[in-house]
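Asks: Let me give you the structure first, and then I'll get to my questions.
The values are calculated or read from the model by the stated rules, or taken from the named source; none is laboratory data. Please read these numbers as outputs of a predicted model, since none were measured by experiment. All Cβ positions, glycine included, derive from the backbone under ideal geometry; neighbour counts span all protein chains shown. With ligands, DNA and RNA removed, areas are computed over all heavy atoms of the protein, side chains included. Shrake-Rupley method; radii C 1.70, N 1.55, O 1.52, S 1.80 Å.
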Amino acid sequence: MPTLEALLGSPHHIAGVVTQPDRPSGRGQHPHPPPIKQVAQTHTVPVLQPDRLRDERFVAALRAFHPDLGVVAAYGKILTDSVLQIPRLGLINVHASLLPRYRGAAPIHRAVMAGETETGVTIMRVVKALDAGPMLSSVTRAIGPEETSVEVERDLARLGADALVKDLDALFAGTAIETPQDESAATYAHKLQKTDGLIDWSRSAQAIHNQIRGLHPWPHAFSRLDGRRVLLLESRVEQSATKVAPYRSRSQNHSVARDFSRALPGALVEAGGGDLCVQTGDGVLRIVRLQMEGKRSMAPREFLAGHRVDAGDRFA
């Protein structure tokens, strides 16, 4: 949405907007327009919502706009050849990574999951190959150690919108410089699947923490405790964790030193007093917020008050 709002506030005329069809939502499952459509209609901009980009009626309607240039931002579908050929000056894309790294559908999530400390947004020309077109500009942004994909995506959307308008000015002024991508450095950010959320507790605490951050808000990292599916929504890596962890259970109101040097990955090494900590393959992960399947999210203290778990129990 920041991209459309930036264009609406620029000197450039928007001939029309293409977005996804209305989808059922809410308790009554009534069709609900996507936010892009709502903003466009507020500014009396025509909107097209094709189910299929190959639909001849859609292609004809798009061609009737007589566009000079097309802009793509998180559309979610691969453009057809017929669409690519319509704008006189082609199409450019606002891509949420520092290309050629993280081409594909989920660049922000995959970057956070990989523990990257920096990402960015690239304005690039759309070509047939996926996210492989020449680049007009890029803007970098640091990724904080506790930030989730939601926070990074929100900021990149704003940065990308600002960069886009500047590049549009340069394109129409004839001063834009297009730089080819280095194919040897290309990596791919594959579409997220629910199975990406399954936690392997033999990995390090840092890797699991990155997984939890990267898969927020969907599909979320998850594991099973006592046969029940648990979503892990927020975590921290215990920086001072050693192989000897304090033992605190719900049945005790004090801590007792206990050797967890042989604790298996996934075992709870602390479960009491509002603390929920899990042994991993390397280090200890503190759970800050979690959610039982079908329930609302909660802090560990509330979870422990309503569920009988103890130190030594293990996530599957």
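Asks: At each listed q (0.08, 0.10, 0.14 Å⁻¹), what is the log10 of I(q)/I(0) that the Debye formula gives for the chain modelled as equal alpha-carbon point scatterers?
Replies: Debye curve over Cα of the chain, log10 I(q)/I(0) at q = 0.08, 0.10, 0.14 Å⁻¹: -0.48, -0.69, -1.05.
Asks: By accessible area of protein heavy atoms, probe 1.4 Å, what ranking do His32, His66, His109 get, highest first?
Replies: These residues rank, largest area first, as His66, His32, His109.
Asks: While we're looking at this one, here's another question. How long are the three semi-axes of the equivalent ellipsoid of the stretch 1-120, in whole Å, if each is the root of 5 times an eigenvalue of the C-alpha gyration tensor, listed from largest down?
Replies: After scaling each eigenvalue by five and taking roots: 25, 20, 16 Å.
Asks: Next question, about the same structure. Give a residue-ordered list of calculated ³J(HN,Hα) values for the stretch 184-189 (Karplus: 6.51 cos²θ - 1.76 cosθ + 1.60, θ = phi - 60°; whole Hz; x for Gly, Pro).
Replies: Per residue, the Karplus-derived 3J(HN,Hα) values read 5, 9, 6, 10, 10, 10 Hz.
Asks: Based on the Cβ-Cβ distance from Ala305 to Arg23, what FRET efficiency comes out when R0 is 51 Å, to the nearest 0.05?
Replies: With a Förster radius of 51 Å, E is 0.85.
Asks: Using the Kirkwood radius over C-alpha pairs as Rh, can you work out the diffusion coefficient of the stretch 53-110 via Stokes-Einstein at 10 °C, viscosity 1.306 mPa s, in µm² per second?
Replies: 125 µm²/s
Asks: Kindly write out, for the stretch 300-312 in residue order, the coupling ³J(HN,Hα) from the Karplus curve 6.51 cos²θ - 1.76 cosθ + 1.60 (θ = phi - 60°), rounded to whole Hz, with x marking Gly and Pro.
Replies: For the stretch 300-312, the Karplus-derived couplings read x, 4, 5, 4, 5, 5, x, 9, 8, 10, 8, 4, x Hz, x marking Gly and Pro.
Asks: Additional query: Could you state how much accessible area Arg203 has, in square angstrom rounded to the nearest 10, with a 1.4 Å probe and all protein chains kept in place?
Replies: Number for this one is 90 Å².
Asks: Let me ask another. Roughly how far apart, in whole Å, are the Cα centres of the stretch 181-201 and the stretch 92-135?
Replies: One Cα centre to the other: 12 Å.
Asks: Amide H to amide H under 5 Å from Leu276: which residues, 5+ apart in sequence or cross-chain, H placed 1.01 Å off N in plane?
Replies: Here Ile287 satisfy the definition.
Asks: Same structure, new question: Would you rank His13, His30 by solvent-accessible area, highest first, keeping every protein chain in place and using a 1.4 Å probe?
Replies: His13, His30
Asks: Here's something else I'd like to know. For the chain, set up a Gaussian network in which alpha carbons nearer than 10 Å are linked by springs, and say which option among Met124, Met135, Met298 fluctuates the most.
Replies: In this elastic network of the chain, the residue with the biggest mean-square fluctuation among Met124, Met135, Met298 is Met298.
Asks: Kindly provide the pair-distance distribution of the stretch 161-239 built from C-alpha pairs, with 5 Å bins from 0 and whole-percent values in order of increasing distance.
Replies: Calculated over all Cα pairs of the stretch 161-239, the distribution is 3, 12, 15, 14, 11, 9, 9, 9, 8, 6, 3, 1, 0 percent.
Asks: Please work out how much accessible surface Lys166 shows to a 1.4 Å probe, ignoring ligands, DNA and RNA, in Å² rounded to 10.
Replies: 140 Å²
Asks: Between the alpha-carbon centers of the stretch 27-63 and the stretch 207-235, tell me the distance in whole angstrom.
Replies: 34 Å
Asks: All other residues with a Cβ under 15 Å from the Cβ of Ile108 taken together, and with Lys, Arg as +1 and Asp, Glu as -1, what is their net charge?
Replies: Combined, the nearby Lys, Arg, Asp and Glu give 0.
Asks: Show me, for the stretch 67-72, the HN-Hα J-couplings you get by feeding each phi into the Karplus relation (A = 6.51, B = -1.76, C = 1.60, θ = phi - 60°), rounded to Hz, glycine and proline as x.
Replies: x, 7, 8, x, 10, 10
Asks: With 5 Å bins from zero, work out the P(r) of the stretch 66-175 over every alpha carbon pair and list the percent per bin.
Replies: Bin by bin from 0 Å, the calculated values are 2, 12, 24, 23, 18, 11, 6, 3, 1, 0.
Asks: Summarise the accessible area of the chain (1.4 Å probe, protein heavy atoms) by the percent that is carbon and sulfur.
Replies: Reported share for carbon and sulfur atoms: 52 percent.
Asks: Same structure, new question: Considering only protein heavy atoms, what per residue accessible area in square angstrom results for the chain with a 1.4 angstrom probe?
Replies: I get 53 Å² per residue for the chain.
Asks: Here's another thing I want to ask about it. Would you list Leu164, Leu159, Leu264 from the most to the least accessible area, probe 1.4 Å?
Replies: Order by accessible area, largest first: Leu264, Leu159, Leu164.
Asks: Provide the solvent-accessible area of Lys295, counting protein heavy atoms only and rolling a 1.4 Å probe, rounded to the nearest 10 Å².
Replies: For Lys295, solvent-accessible area is about 130 Å².
Asks: Tell me what the chain gives for mean residue ellipticity at 222 nm when only DSSP H runs of n ≥ 4 count, each as -39,500 (n - 2.57), the sum divided by the residue total, rounded to 500 deg cm²/dmol.
Replies: -7000 deg cm²/dmol
Asks: Among the lysines, select those whose C-alpha is under 16 Å from the C-alpha of Lys77, and discard any that sit fewer than 8 residues away in the same chain.
Replies: Output for Lys77: Lys128, Lys191.
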